[in-house]
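Notes follow the structure.
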Amino acid sequence: QLQFVESGGGLVQPGGSLRLTCEASGFTLDRNAVGWFRQAPGKEREGVSCISASSGYTHYADSAKGRFTISRDNAKNTVYLQMNSLNAEDTAVYYCGAHLRMMCPLNWASSTGARTDFGSWGQGTQVTVSS
């Protein structure tokens, strides 16, 4: 079965940091753009960040710019999301998804893009920011 395994979430205080890990299972990642997404209760899944297959291009949602950093290690079949300066609005289940092509699609950040252009979703990892 082709899917990701996300890990690294947890409970963190406002201003804290977490590093999320997304490991591909059953397929290799070196020809796929990969996105990190999140879904809060009652809300649609939204894009947080996206990285091209070669790591040459990275994209961030406005809410993530300056605080989050996406990276990948194709030799380890793994994508990371370093999250700093976390706040309560970052509380959500975080998922990663693979795109069929090497470059992130133009609609990567939208809920529509998440539904139509990414797949191989894992079970997600819960991030809770609370004091």
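The values are calculated or read from the model by the stated rules, or taken from the named source; none is laboratory data. Remember, predicted model here, so these are calculated numbers, not experimental data. Cβ: placed from backbone, ideal geometry, glycine included. Neighbour counts: every protein chain shown. The area values use the complete protein model at the heavy-atom level, side chains included, leaving out ligands, DNA and RNA. Shrake-Rupley method; radii C 1.70, N 1.55, O 1.52, S 1.80 Å.
So here's what we get for this one:
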| item | result |
| --- | --- |
| Three-way shape call for region 65-131 based on the alpha-carbon gyration tensor, with the a/c threshold at 1.5 | prolate |
| Accessible surface of the chain [probe 1.4 Å, protein heavy atoms]: carbon and sulfur percent | 49 |
| Relative contact order (%) - the chain, alpha-carbon pairs under 8 angstrom, separation at least six | 36 |
| Accessible area expressed per residue, region 75-123, with surrounding protein chains retained (probe 1.4 Å, Å²) | 49 |
| Label-point gap, in nm, between TRP121 and ARG19 - each point 7 angstrom along Cα→Cβ | 2.7 |
| Rounded, prolate or oblate (a/c below 1.5 giving rounded, otherwise prolate when a/b exceeds b/c) for the chain by Cα gyration tensor | prolate |
| Cut-off 12 Å between beta-carbons: net charge of the residues surrounding ALA64, Lys and Arg +1, Asp and Glu -1 | -1 |
| In nm, spacing of pseudo-spin labels at LEU100 and SER130 (7 Å Cα→C-beta vector) | 4.1 |
| Set of region 12-39 residues, backbone N closer than 20 Å to the point 7 Å along the Cα-Cβ line of THR58 | 15-24, 29-38 |
| Stretch gain in nm, segment ASP30-SER111, where the contour uses 0.36 nm per residue and the Cα spacing is subtracted | 26.7 nm |
